[in-house]
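The values are calculated or read from the model by the stated rules, or taken from the named source; none is laboratory data. The model shown is predicted, which means the values in this text are computed figures rather than measured ones. Using ideal geometry, Cβ is built from the backbone for each residue, glycine included, and neighbour counts are taken over all protein chains shown. Note: areas computed on protein heavy atoms with side chains; ligands, DNA, RNA excluded. Shrake-Rupley method; radii C 1.70, N 1.55, O 1.52, S 1.80 Å.
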Amino acid sequence: MRVLTGLRDGAAGRRVAVGEYELDDDPARVDRDVVWEFLSTEAYWGRSRSRADVETQIDAAWRVLGAYRRDTGEMVGFARAVSDGVSVGYLADVFVLPSARGAGLGKAVVAELVGDGRIRWILFTDDAHDLYRRYGFGPPDGTCLVLSRRETV
């Protein structure tokens with residue numbers, strides 16, 4: 001992964017070039033069809049949500065981050081964060097489409113969202129522990145409790 005530049009674009013947010021791709025946190029640029037398609041068909045963690053649920057989550061996110069091809073603007077990755085912006089954050093829905101994997105985008109997305117470590121981040125994953133360990137994620141300490149999701153009857 002080679003991050004080439006990080007630019008501040010005023011109200012548009014932050015853009016970071018990653019090889020032939022760029023990361024952009026402009027919520028208006030997110031291709032919601034790409035997010036819905038991946039979460040509803042490919043992501044083991046997203047299939048229980050409706051399209052309306054996904055739309056609500058994107059709209060309510062503290063920050064969203066898309067990964068885009070620099071030449072075409074096509075969205076190839078995504079992540080969202082829920083946070084108070086000060087002390088706690090939840091990292092969710094991180095994905096890179098198969099066509100763009102191997103270029104370091106997953107790593108770049110996580111690094112860009114978790115930032116400098118001032119926020120205590122939480123995430124849930126069944127299969128990407130090695131990726132997240134690189135950024136300091138690990139088993140919770142003794143101060144962490146989780147109320148698991150309850151299925152409605």
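Using a 1.4 Å probe, what is the accessible area per residue for the chain, in Å²?
Numbers: 9250 Å² over 153 residues.
Per residue, the chain has an accessible area of 60 Å².
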In percent, what relative contact order does the chain have, based on Cα pairs under 8 Å that are 6 or more apart in sequence? 17 percent
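What does the extension gain come out to for ARG133 and LYS107, with contour length at 0.36 nm per residue minus their alpha carbon separation?
Details: separation 26, 0.36 × 26 = 9.36 nm, distance 1.09 nm.
Gain in length upon complete extension: 8.3 nm.
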Using a 1.4 Å probe and ignoring any ligands, DNA or RNA, find the accessible area of TYR44 and quote it in Å² to the nearest 10. 90 Å²
Around ALA81, under 15 Å between beta carbons, what's the net of Lys plus Arg minus Asp minus Glu among the other residues? -3
Rounded to the nearest 0.05, what FRET efficiency is calculated for VAL146 and ASP116 with R0 set to 35 Å and r the Cβ-Cβ distance? 0.90
Express in Å², to the nearest 10, the accessible area of TRP121 obtained by rolling a 1.4 Å probe over the protein heavy atoms while all chains stay in place. 40 Å²
Just to confirm a number: summing +1 for Lys and Arg and -1 for Asp and Glu over residues other than ALA128 whose beta-carbon lies under 14 angstrom from that of ALA128, what do you get? -1
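Per DSSP H run of n ≥ 4, the term is -39500 (n - 2.57); total these for the chain, divide by its residue number, and report the mean residue ellipticity at 222 nm rounded to 500 deg cm²/dmol.
Working: 4 runs with 35 residues, N = 153.
Value at 222 nm, helices only, nearest 500: -6500 deg cm²/dmol.
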Cut-off 10 angstrom, C-alpha nodes, Gaussian network model of the chain. Which of ARG63, ARG49, ARG15 fluctuates the most? ARG49
To the nearest 20 Debye, how big is the dipole of the chain about its Cα centre, given +1 on the beta carbon of each Lys and Arg and -1 on that of each Asp and Glu? 340 debye
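Counting only protein heavy atoms, what percent of the accessible surface of the chain is carbon or sulfur at a 1.4 Å probe? Present the calculation step by step, with values, prior to reporting the outcome.
Working: 4640 of 9250 Å².
For the chain, the apolar C and S fraction of the accessible surface comes to 50 percent.
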Computed over the Cα atoms of segment 1-140, the Rg and Dmax in Å are 14.2, 41
Listed residue (MET75, VAL16, VAL88) projecting farthest to the positive dipole end of segment 1-139, Cβ model: VAL88
Determine how large the accessible area of PHE137 is when every protein chain is in place; take a 1.4 Å probe and give Å² rounded to the nearest 10. 40 Å²
Karplus-derived HN-Hα couplings along segment 47-57 (A = 6.51, B = -1.76, C = 1.60, θ = phi - 60°), whole Hz, x at Gly and Pro: 5, 7, 8, 8, 4, 4, 4, 4, 4, 4, 5
